[in-house]
Amino acid sequence: MENTGYQIPHIRSAAARICLFLLVFVSSCAKKETAQPVEYTGPLREAQDVDVLYAEKDRIKVKMKAKRVLEYKNGDQEFPDGLYLEFYSEAGVLTSTLRANHAFFFKEENKWKGRGNVEARNIEKQQQLNTEELYWLPATKKIFTEKFVTIKLENEVLYGTGLDAMQDLSTYTIKEPQGTIEVKD
C-alpha cells in the first residue's frame, strides 16, 4: 500500500499536465480572426524641385514649377507646397502666370485646382486676379471659381463672388459683382 500511496500524487500531477496540455491545444486550435489588410491610399511617388515644360510645335506653351509633387495610384497629383505656372503665346511671349499655395491635378477630369492664396496675372494688360480657390481647365484654357475674387486693373479694383474667365484674363465675367464700378461713356 505504501507503493500505491506514492503513485496517487504522481497520477494527479500527470492528470494536471494532461489537462494543461489539452487546454493549450484546444485554445491554439480555436478560430482566430485575421485582420483585413488596409489598402494604402497615400502617394506612390514623390518628386522634389520639379520644373516641367509643355511645348507644341517646338514652342513652349506652359512652364510649371513646384517644390514638391505627390502622385497617386489613379494618376492624380498634389502640390502641397504650391505651384507656379507661366503661359506663353504662339510667338513664345509670356502672357500670363498662375500661382497657388496648394494645388491638385485631377487626371480623369483633366482639371487643376489651386487653393490658398491664388493669383492669376495678365502680363500685357497688367491685370491681377486674387482668390482663395481657382479651377483651371487646360483643354478649354478657362479658369473659374465660386469664391470671392478681386481683380486689380490699371486704374481700378473689381470685387465679386464667382468668376468665369480665359486663363490669361483676356475676358472674364464676375458672377456677383460688388462695389462701385466706373463706367466710361
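General observations
- In segment 107-116, the count of residues that are part of a loop (DSSP other than H, G, I, E, B) and more than 17 Å from Leu83 (Cα to Cα) is one or more.
- Selection status of Thr145, farther than 28 Å from Arg45 by Cβ and modelled with pLDDT of 95 or more: yes
Condition check ((1) within 21 Å of the chain's Cα centre (by Cα); (2) assigned to a strand (DSSP E or B); (3) surrounded by 15 or more Cβ atoms within 10 Å (Cβ to Cβ)) across all residues:
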site: Leu129; (1), (2), (3): no, yes, yes
site: Leu134; (1), (2), (3): yes, yes, yes
site: Phe144; (1), (2), (3): yes, yes, yes
site: Ser170; (1), (2), (3): no, no, no
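- Pair list, Cβ under 6 Å, 6 or more apart: segment 61-90 residue within 19 Å of Asn117 (Cβ to Cβ), other residue of a type in the set (S, T, N, Q) and assigned to a loop (DSSP other than H, G, I, E, B): Gly82/Asn101
- Flag for Phe104 being hydrophobic (A, V, I, L, M, F, W, C) and surrounded by 17 or more Cβ atoms within 10 Å (Cβ to Cβ): yes
- Residue match in segment 127-141 (condition: in contact with a strand residue (DSSP E or B) (Cβ under 6 Å, 6 or more places away or on another chain) and among the small types (Gly, Ala, Ser)): no
- Looking only at segment 70-99, and only at residues there that are more than 21 Å from Ala139 (Cβ to Cβ) and aliphatic (A, V, I, L, M), the one that is modelled with the highest pLDDT: Leu70
- Given (1) of a type in the set (A, V, I, L, M, F, W, C); (2) over 24 Å from Ala55 (Cα atoms); (3) at pLDDT below 95, index of the condition Leu129 fails: (3)
The values are calculated or read from the model by the stated rules, or taken from the named source; none is laboratory data. What you see is a predicted model, and the numbers here were worked out from it, not measured in a lab. Backbone-built Cβ (ideal geometry, glycine too); neighbour counts: all protein chains shown.
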